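Contents: one structure, followed by commentary.
Derivation of every value follows stated rules applied to the coordinates shown; laboratory data play no part. Please read all numbers here as calculations on a predicted model, not as lab measurements. No Cβ is skipped: glycine too gets one built from the backbone with ideal geometry, and neighbour counts run over all protein chains shown.
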Amino acid sequence: MAKILGLGGIFIRCRDVKAYRNWWSEVMGLDMSDWGTFEWEDIKTSRSMFSPFSDDSDYFSPSEHRVMINLQVEDVHELIERARSGGADIIGEIDVNEYGTFGWFIDPEGYKIELWEAPSAPSK
């Protein structure tokens, strides 16, 4: 039986595509092609998740969108500050736990973005 191999992409409708793409490029450093895509190399510590949430979940709050985007990043603290400097609304405090480091913000289109920095490998 054929199986799903991974996340192919995230597609978002937005009011001003150019401004939205520019914000992600200029503020968050996400280099995109002229038609709006970016690519990354698969790394051993990376993983993609598809995770349905209950309709009454407040995990996406305060965004009213029914989609939240989680991005695996190298430095949550730096990127939260870049998002703040770029005008994003920062949600709560950065959370460091056994699953890694997490930070959240609302992007210019009102989507809640979760930044995830994988936990460091245990020292031997």
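Rank the residues 69, 80, 10, 91 as a footprinting-exposure proxy: fewest other Cβ atoms within 10 Å of their Cβ go first.
10, 69, 91, 80
Among 104, 24, rank each residue by its count of other Cβ atoms within 10 Å, from fewest to most, as a rough exposure measure.
24, 104
Pop out the ³J(HN,Hα) list for region 104-109 in order, Karplus 6.51 cos²θ - 1.76 cosθ + 1.60 with θ = phi - 60°, rounded to Hz; leave Gly and Pro as x.
Those phi angles translate into 9, 8, 9, 7, x, 9 Hz.
Modelled label-to-label distance, residue 78 and residue 64, 7 Å Cα→beta-carbon offset: nm?
The two pseudo-label positions are separated by 3.6 nm.
Could you run the Karplus curve 6.51 cos²θ - 1.76 cosθ + 1.60 with θ = phi - 60° over region 61-69 and give me ³J(HN,Hα) per residue in whole Hz, x for Gly and Pro?
Per residue, the Karplus-derived 3J(HN,Hα) values read 5, x, 5, 9, 5, 8, 10, 10, 10 Hz.
Can you put 1, 49 in order, fewest other beta carbons within 10 Å first?
1, 49
What's the Kirkwood radius of region 64-124 in Å, using all Cα pairs?
Kirkwood hydrodynamic radius for region 64-124: 12.0 Å.
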